[in-house]
């Protein structure tokens, strides 16, 4: 679906991207992970030609990016950034309609699609459709940003730190909501972040970058359990294996035995459940339906370590 081959980007003698190559499969959520200044956002902008590469080749859906008009290429891709990029003078409906209008969709189709996209991201069209961006919370604005990126039904979604500017509680909620949206829509997504837990929660594959180069690429399990060098190992930290528990939902490992106390959501991660066990001083916590045991969590950890 998306392929980079020996891609280089120089800025007046500074090499921001140093001959990187990778392939993103159709329907895959591919995370570019690394510290600030490592080249991950530049890489994203090279794909939709917001920035021109110095050398190397980029292919989208089997076609070289140079074979497209720039506008045509960008219309094929949704694009979400940290600051949302919403037009401040346009209401939510009109922001979402931006690309469908460029594609010359008819008015009724645009209106229907706008309603569908707001519902998809959990916003009531009747309440939010006419609001201006300044009337939205940070989390609401990010939802509208995602809705706008998906409005034209692009096969590809480029996301640059999309949830980085919201508070931690809203951030986790947005991450889980987007994970569910991706499960339904199966878009091909390249997602830039410096947040390890975000990468582990969302990514099908993770590409770790440093100083414009790819250090390691693989599934979350591979990069955590089989780090190729000290940089990767240090980036995930000593609790890297425990961070994998973010990827698993409690409902997938619930047991029928009852437990006392306030129940956790069945959608809680195993990491959240383990934290609750430690805080409560117990080895079993109740869920909305059933319970989850410390032994069950340990079995998951042992299995992932094999």
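Only Cα pairs under 8 Å and 6+ residues apart enter the sum, and on that basis the relative contact order of the chain stands at 19 percent. Taking label positions 7 Å along the Cα-Cβ direction at both residue 6 and residue 179, the computed distance is 3.9 nm, reported to one decimal.
Diffusion coefficient of the stretch 15-68 by Stokes-Einstein, Kirkwood radius over Cα pairs, 20 °C, 1.002 mPa s: 175 µm²/s.
When the alpha carbon coordinates of the stretch 210-306 are projected onto the principal axes, the ranges are 50, 22, 20 Å, largest first. Between residue 104 and residue 66, full extension at 0.36 nm per residue minus the direct alpha carbon distance yields a gain of 11.3 nm. Distance between the modelled labels on residue 225 and residue 165, one decimal in nanometres: 3.9 nm (7 Å Cα→Cβ projection). Put simply, when 240-246, 203-209 are sorted by average Cβ atoms within 10 angstrom per residue, most first, you get 203-209, 240-246.
If you bin all the Cα-Cα distances of the stretch 65-214 at 10 Å, starting from zero, the percentages per bin are 11, 41, 35, 12, 1.
Normalising the average separation of contacting C-alpha pairs (under 8 angstrom, six or more residues apart) by the number of residues puts the relative contact order of the stretch 83-178 at 36 percent.
Report the antiparallel proportion of the DSSP beta bridges in the chain as a percent, rounded to a multiple of 5.
On the way: 25 of 45 bridges.
The antiparallel fraction comes to roughly 55 percent.
Each principal axis of the Cα atoms in the stretch 127-169 has its own extent, and those three values, largest first, are 30, 27, 14 angstrom. Once Rg and the Kirkwood radius are both taken over the C-alpha atoms of the chain, their ratio Rg/Rh works out to 1.00. Annotation: average projected area of the stretch 223-275 is 4.4 square nanometres, based on the convex hull of Cα atoms across all directions.
Springs between Cα atoms under 10 Å define the GNM used for the chain, and in it the highest mean-square fluctuation of 191, 248, 163 occurs at 248. Taking the Cα centre of each part, how many Å lie between the stretch 198-272 and the stretch 142-172? Distance between centres, Cα-based: 21 Å.
Projected onto their three principal axes, the Cα atoms of the stretch 1-157 cover extents of 50, 31, 27 Å, largest first. Using all pairs of distinct alpha-carbon atoms, the Kirkwood hydrodynamic radius of the stretch 158-283 works out to 16.2 angstrom.
In a solvent-free Debye calculation with one equal scatterer on each Cα, what is log10 I(q)/I(0) for the stretch 75-154 at q = 0.15, 0.19, 0.20, 0.26 Å⁻¹, listed in the order of the q values? Computed log10 I(q)/I(0) values: -0.42, -0.70, -0.78, -1.36. An oblate overall shape is assigned to the stretch 199-247, the ratio a/c of its alpha-carbon gyration tensor axes (a ≥ b ≥ c) being 1.5 or greater and a/b not exceeding b/c.
Just so you know, all these numbers are worked out from the coordinates, no wet-lab data involved. Keep in mind the model is a prediction, meaning the values are calculated, not measured. As a convention, Cβ positions derive from the backbone with ideal geometry for all residues, glycine included, and neighbour counts pool all protein chains shown.
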